[in-house]
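Colleague: This is the structure, below, for whatever I ask next.
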Amino acid sequence: MSYRQDAHSGDQNQLQRTEFMRRARILAGGVVALMLLGVVCIPRHLSSQPRAAALTPASLYISFEQNSLILRGSLPTQRSKTAILEQAHALYAKKGIRVTDQFTVDSQVGTAAWVDTIPQLLPMLGWMVERGSIIIDGHSLVVTGQVTSPREKADVLQVMAPAVRAGLKIEDRVMVAQATASSPASVSLSALQLSLNQVLAKSSIEFEPDSATITAKGHAVLDHIVVLLRKVPTAPIEIASHTDIGGAAEHNLQLSRHRADAVKQYLTGQGLTNPFTTIGYGSTRPLSNKKYQPGLPQNQRIELLMIRTT
């Protein structure tokens, strides 16, 4: 009896060991499977060091044409945008030139040293004849336009120096206007006179009331005239100033002289070398003998007249 019990007990122990080893193998296989699953799947969803998004290079395009300055591009900070716009308004808006802001500020745009040099570049667009542009793609600076003399071209190149130091490659497409036989240092005086008359008929050179201070609108008209006169730098021009018929004659005469001088000072300040003559007619040559009323021409005006030397 004792022998049979021992044998039976031994068989049970052997079965228990076998079952234990089978379960251990299953458990070990499960652990290995989980480890493999972790190796394969976890990297697809988790990363100990998330990658930074690639930044877009800053870009800029500024054009000056038809009495309008348009600024657009992508900038890294509001501070850089504000600095550029403040300079643009200081240089151009106060002269009546329309400044259009189409800038975008984006945190995904990378910072660039050249961005801080843009306010220093803006003045050169005002030296261009009729139109000009500045384009920056992040690596190169392309400047296009036309100036009236080699001296102005040298000034443009000098202004671009900070951008060069900031790492931009310069593409200079600024041309110097050349006089030709068909377009003499002088476009025909009659054609020029017609152009001046058309400008002044459309918009007069305005002044503050009873003053020789030119208004912003008056500066805008003069800037248009500067473009025309640069084509004939040697043509003699008379700046004739007239006032309304109201007020004392002597006062009107002095006021007209001061206004003519103010126009000459502005034109020469823009680099024009024409021989200018100023004359104040006061109220002696009115367009109308009636005092100013809506719908009637104003006697107060500036005329620019070609002086023929032959």
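Colleague: What tally of residues in region 132-150 results from selecting those that are modelled with pLDDT under 80 and farther than 20 Å from SER74 by Cβ? Steps first, please.
Modeller: Narrowing region 132-150 to residues modelled with pLDDT under 80: 138, 148-149.
Adding the requirement that they be farther than 20 Å from SER74 by Cβ leaves 148-149.
Selection size over region 132-150: 2.
Colleague: If THR278 satisfies all but one of (1) crowded, with 17+ Cβ neighbours inside 10 Å; (2) at pLDDT below 90; (3) among the polar types (S, T, N, Q), what's the number of the condition it fails?
Modeller: Here THR278 meets the rest and fails (2).
Colleague: Still on this structure: Tell me yes or no: at least one residue of region 176-194 is among the β-branched types (Val, Ile, Thr), within 29 Å of ILE62 (Cα to Cα) and at pLDDT 85 or above.
Modeller: Going residue by residue through region 176-194, those that are among the β-branched types (Val, Ile, Thr) are 176, 180, 187.
Now drop any that are not within 29 Å of ILE62 (Cα to Cα), which leaves 176.
Within this subset, residues satisfying the condition of being at pLDDT 85 or above are none.
Looking through region 176-194, none of the residues is among the β-branched types (Val, Ile, Thr), within 29 Å of ILE62 (Cα to Cα) and at pLDDT 85 or above.
Colleague: Based on what the data block shows, is GLU238 outside the structural domain of GLU152 (by TED's automatic domain parsing), more than 30 Å from ARG151 (Cα to Cα) and at pLDDT 90 or above?
Modeller: no
Colleague: Kindly list the number of the only condition in (1) at pLDDT 90 or above; (2) under 26 Å from THR213 (Cβ atoms) that fails for PHE64.
Modeller: With (1) at pLDDT 90 or above; (2) under 26 Å from THR213 (Cβ atoms) applied to PHE64, the lone miss is (1).
Colleague: Name every residue in region 192-205 that is free of Cβ contacts under 8 Å to residues at least 60 places away in the same chain and surrounded by 13 or more Cβ atoms within 10 Å (Cβ to Cβ), in order of residue number. If you could, list the steps in order and put the result at the bottom.
Modeller: Taking region 192-205 and keeping what is free of Cβ contacts under 8 Å to residues at least 60 places away in the same chain, we get 194-195, 197-199, 201-203.
Those that are free of Cβ contacts under 8 Å to residues at least 60 places away in the same chain and surrounded by 13 or more Cβ atoms within 10 Å (Cβ to Cβ): SER195, ASN197, VAL199, SER203.
Colleague: Scan region 88-106 and tell me whether some residue there is among the hydroxyl-bearing types (Ser, Thr, Tyr), in the same structural domain as LYS169 (by TED's automatic domain parsing) and farther than 30 Å from LEU228 by Cα.
Modeller: At the first step, the residues of region 88-106 found to be among the hydroxyl-bearing types (Ser, Thr, Tyr) are 92, 100, 104.
Subsequent filtering for residues that are in the same structural domain as LYS169 (by TED's automatic domain parsing) retains 92, 100, 104.
Cutting the leftovers down to farther than 30 Å from LEU228 by Cα gives us 104.
Within region 88-106, one or more residues are among the hydroxyl-bearing types (Ser, Thr, Tyr), in the same structural domain as LYS169 (by TED's automatic domain parsing) and farther than 30 Å from LEU228 by Cα.
Colleague: On the given criteria, is VAL129 more than 26 Å from VAL263 (Cβ to Cβ), surrounded by 14 or more Cβ atoms within 10 Å (Cβ to Cβ), touching a helix residue (DSSP H, G or I) at 6+ places or on another chain (Cβ under 7 Å) and not assigned by TED's automatic domain parsing to the domain that holds LYS217? Step through it out loud before you land on a result.
Modeller: Working: more than 26 Å from VAL263 (Cβ to Cβ): no; surrounded by 14 or more Cβ atoms within 10 Å (Cβ to Cβ): yes; touching a helix residue (DSSP H, G or I) at 6+ places or on another chain (Cβ under 7 Å): yes; not assigned by TED's automatic domain parsing to the domain that holds LYS217: yes.
Criteria not met by VAL129.
Colleague: Mind checking which pairs have a first residue in region 87-106 that is under 13 Å from ALA220 (Cα atoms) and in contact (Cβ under 8 Å) with a residue 40 or more places away in the chain and a second that is assigned to a loop (DSSP other than H, G, I, E, B) and among the basic types (Lys, Arg), Cβ under 9 Å, 6 or more apart or different chains?
Modeller: Note: no pairs meet the criteria.
Colleague: So which residues in region 135-151 are under 14 Å from VAL164 (Cβ atoms) and hydrophobic (A, V, I, L, M, F, W, C)? If you could, list the steps in order and put the result at the bottom.
Modeller: Applying the first criterion (under 14 Å from VAL164 (Cβ atoms)) to region 135-151 yields 136, 139-143.
Result: ILE136, LEU141, VAL142, VAL143.
Colleague: Looking at region 241-253, can you tell me whether even one residue there is touching a residue at least 60 places away in the same chain (Cβ under 8 Å), crowded, with 18+ Cβ neighbours inside 10 Å, in contact with a Phe, Trp or Tyr (Cβ under 8 Å, 6 or more places away or on another chain) and closer than 21 Å to LEU287 by Cα? Spell out the reasoning first.
Modeller: Within region 241-253, the subset touching a residue at least 60 places away in the same chain (Cβ under 8 Å) is 241-242.
If we keep only those that are crowded, with 18+ Cβ neighbours inside 10 Å too, we end up with 241-242.
Narrowing further to those that are in contact with a Phe, Trp or Tyr (Cβ under 8 Å, 6 or more places away or on another chain): 241-242.
Okay, now just the ones that are also closer than 21 Å to LEU287 by Cα, so 241-242.
Taking every residue of region 241-253 in turn, at least one turns out to be touching a residue at least 60 places away in the same chain (Cβ under 8 Å), crowded, with 18+ Cβ neighbours inside 10 Å, in contact with a Phe, Trp or Tyr (Cβ under 8 Å, 6 or more places away or on another chain) and closer than 21 Å to LEU287 by Cα.
Colleague: Would you tally the residues in region 222-235 being under 15 Å from GLN265 (Cα atoms) and either surrounded by fewer than 21 Cβ atoms within 10 Å (Cβ to Cβ) or within 23 Å of the chain's Cα centre (by Cα) (or both)? Break it down stepwise before answering.
Modeller: Narrowing region 222-235 to residues under 15 Å from GLN265 (Cα atoms): 222-223, 225-226, 229.
Subset that is either surrounded by fewer than 21 Cβ atoms within 10 Å (Cβ to Cβ) or within 23 Å of the chain's Cα centre (by Cα) (or both): 222-223, 225-226.
Going through region 222-235 one residue at a time, the tally reaches 4.
Colleague: Would you mind finding the one in SER133, SER140 that is polar (S, T, N, Q), touching a Phe, Trp or Tyr at 6+ places or on another chain (Cβ under 8 Å) and within 17 Å of ILE170 (Cβ to Cβ)? Steps first, please.
Modeller: Working: SER140 fails: touching a Phe, Trp or Tyr at 6+ places or on another chain (Cβ under 8 Å).
Of the residues listed, the single one that is polar (S, T, N, Q), touching a Phe, Trp or Tyr at 6+ places or on another chain (Cβ under 8 Å) and within 17 Å of ILE170 (Cβ to Cβ) is SER133.
The values are calculated or read from the model by the stated rules, or taken from the named source; none is laboratory data. Bear in mind that the values here come from a model prediction, so they are computed numbers and not experimental data. Using ideal geometry, Cβ is built from the backbone for each residue, glycine included, and neighbour counts are taken over all protein chains shown.
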